[in-house]
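Q: Sharing a structure, written as structure tokens. Questions coming.
The values are calculated or read from the model by the stated rules, or taken from the named source; none is laboratory data. Not measured: the values here are computed from a predicted model. When we count neighbours, we look across all protein chains shown, and the Cβ atoms used for this are built from the backbone with ideal geometry, even at glycine.
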Amino acid sequence: MIQLPQGSWWDWDVVAWDPGLLRLGAGNDISYAHGLELVFTDPVFVMCPAAFHDPAFRDPTADEVGLVARRVGETPPVLVAFDADAGGPRLASGLVAAGAFDIVEGTVFRYWREDLAAGERLAPWVRPPV
């Protein structure tokens with residue numbers, strides 16, 4: 001099970017997703033910036049809402065482990081499960097299987113800024129104005 005660092009990690013979304021990397025961003029309000037990222041390297045199975053709130057991370061169930069093993073052909077080194085509010089009538093379940101996992105802290109702005117301090121960066125989609 002994931003142990004998040006202290007902080008207000010209520011608001012979550014998918015920051016980046018390509019064949020080699022899945023990056024989930026979190027903060028108390030991610031409209032302008034987020035301060036925490038869960039970075040999954042070599043994701044092989046992803047079942048995750050695009051945006052969600054207040055996830056409860058937990059150990060995957062036996063059924064979830066079996067689902068990933070059947071789909072992928074093995075149980076990957078990283079298997080993360082959670083339940084979260086995704087706006088529906090009941091909690092949505094999330095499940096991510098990957099080769100590696102890291103927790104990255106630091107302010108990531110979701111809009112253009114030239115005056116970044118040490119440790120701050122821009123979200124992958126942010127581009128300078130033209």
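Q: Can you name every residue in the stretch 1-60 that is more than 12 Å from the chain's Cα centre (by Cα) and among the polar types (S, T, N, Q)?
A: Gln3, Gln6, Ser8, Asn28, Ser31
Q: Scan the stretch 38-95 for residues that are in contact with a strand residue (DSSP E or B) (Cβ under 7 Å, 6 or more places away or on another chain), within 23 Å of Gly27 (Cβ to Cβ) and part of a loop (DSSP other than H, G, I, E, B) and jot them down.
A: Cys48, Pro49, Ala50, Ala86, Leu91, listed by residue number.
Q: Keeping to the stretch 101-119, report how many residues are over 16 Å from Val15 (Cβ atoms) and surrounded by 13 or more Cβ atoms within 10 Å (Cβ to Cβ).
A: Qualifying residue count for the region: 1.
Q: Give just the number: which of (1) of a type outside the set (Gly, Ala, Ser); (2) in contact with a strand residue (DSSP E or B) (Cβ under 7 Å, 6 or more places away or on another chain); (3) surrounded by 11 or more Cβ atoms within 10 Å (Cβ to Cβ) does Asp29 not satisfy?
A: Asp29 satisfies all of (1) of a type outside the set (Gly, Ala, Ser); (2) in contact with a strand residue (DSSP E or B) (Cβ under 7 Å, 6 or more places away or on another chain); (3) surrounded by 11 or more Cβ atoms within 10 Å (Cβ to Cβ) except (3).
Q: Among the residues of the stretch 12-26, write down those that are closer than 13 Å to Ala97 by Cα, surrounded by fewer than 21 Cβ atoms within 10 Å (Cβ to Cβ) and among the aliphatic types (A, V, I, L, M).
A: Correct list: Leu21 only.
Q: Is it true that Val68 is closer than 13 Å to Val14 by Cα and either modelled with pLDDT of 95 or more or not basic (Lys, Arg) (or both)?
A: no
Q: Being hydrophobic (A, V, I, L, M, F, W, C) and not in a strand (DSSP E or B) is the filter here; which residues of the stretch 8-37 pass it?
A: Matches in the stretch 8-37: Trp9, Trp10, Ile30.
Q: Also, quick follow-up: Please list, ordered by first then second residue, the pairs with beta carbon atoms under 6 Å, 6 or more apart or interchain, first in the stretch 32-48 and at positive phi, second assigned to a strand (DSSP E or B) and among the hydrophobic types (A, V, I, L, M, F, W, C).
A: Correct list of pairs: Asp42/Ala98.
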